[in-house]
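The values are calculated or read from the model by the stated rules, or taken from the named source; none is laboratory data. All values derive from a computational prediction rather than experimental measurement. Quick reminder, even Gly has a Cβ in these numbers, built from the backbone with ideal geometry, and neighbours come from all protein chains shown. Ligands, DNA and RNA are excluded from the accessible area calculation, which covers all protein heavy atoms including side chains. Shrake-Rupley method; radii C 1.70, N 1.55, O 1.52, S 1.80 Å.
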Amino acid sequence: MAETLTPPTEIPMPPHVSEDDFKSGMARLAGAVNIVTTAGPEGRAGFTASAVCSVTAEPPTLLVCLNRTSSAAAAFAEATSLCVNTVGPKHKDLAMLFGGKTPMEDRFAAAEWSAGVTGAPILSEAVVSFDCTIKDRAMVGSHDVIFCEIHGIAGDAEGPGLAYFARKFHELEA
């Protein structure tokens, strides 16, 4: 005779790590340094992000995470396009500007820009720039996760990269 199996009892979820432990752990997760930009009715806006990654090649899609308390959040909430500009060592100071409280017009005055096919600002001499339309958004905790389909790619394929690791910039050779 077949034995009757008892369904497993619900296993309680373990507690989350603390916010400090999370931040310390994430500081050890290296990421490319990106300046994410958009242009809308109220002008250009942008921020520095390491929370960018590929999603799928069909259609070509990436995602960007943006804290909703960021000075750029309102502009990106209304945006239909953006550009992820991955930067190298020569743009380290620019990445710091876009990561701080500097007014938007001053951020953009510090470098040369052109408009992509979507109208989003593309950084001259970026390692690579992904010109995208925004296709979807998800709210997760304090951040918006923005899903973007890529319509154009430009950049300096030979240039060195810049990574953020252990709360410091690190240069990467091509």
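Listing for the model above:
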quantity	calculated
Region 126-174, accessible surface, carbon-and-sulfur percent (1.4 angstrom probe)	57
Inter-centroid distance (Cα atoms) of region 1-61 relative to region 72-144, Å	20
Table column - 3J(HN,Hα) (Hz), region 129-138, Karplus curve with 6.51, -1.76, 1.60, x for Gly and Pro	10, 10, 8, 10, 9, 7, 9, 7, 9, 9
Charge-dipole axis of the chain as Lys and Arg at +1 and Asp and Glu at -1 on Cβ define it, positive-most pick from ILE146, VAL52, ALA109	ALA109
Relative contact order (percent, whole number), the chain, Cα cutoff 8 Å, 6+ residue spacing	25
Using θ = phi - 60° and Karplus 6.51 cos²θ - 1.76 cosθ + 1.60, couplings along region 108-121 (whole Hz; Gly, Pro as x)	6, 5, 7, 7, 9, 9, 9, 9, x, 4, 8, x, 6, x
Within the chain: Cβ-based charge dipole about Cα centre, in debye rounded to nearest 20 (Lys, Arg +1; Asp, Glu -1)	380
Isolated Cys in the chain, by beta carbon distance under 4.7 Å	CYS53, CYS65, CYS83
Above-threshold pairs, the threshold being 20 Å between Cα atoms, out of LYS92/LYS168; LYS23/LYS168; LYS101/LYS135	LYS101/LYS135
Mean separation of Cα contacts under 8 Å (6+ apart) over length of region 1-93, as relative contact order %	28
Calculated over the chain: convex hull of Cα atoms, volume per residue (Å³)	180
Per-peptide average of other Cβ atoms within 10 Å, ordering 155-163, 116-124 highest first	116-124, 155-163
Positive-end residue of SER70, THR118, VAL128, charge dipole of the chain with Cβ unit charges	SER70
Listed peptides 81-92, 59-70 by packing density, highest first (mean Cβ within 10 Å)	81-92, 59-70
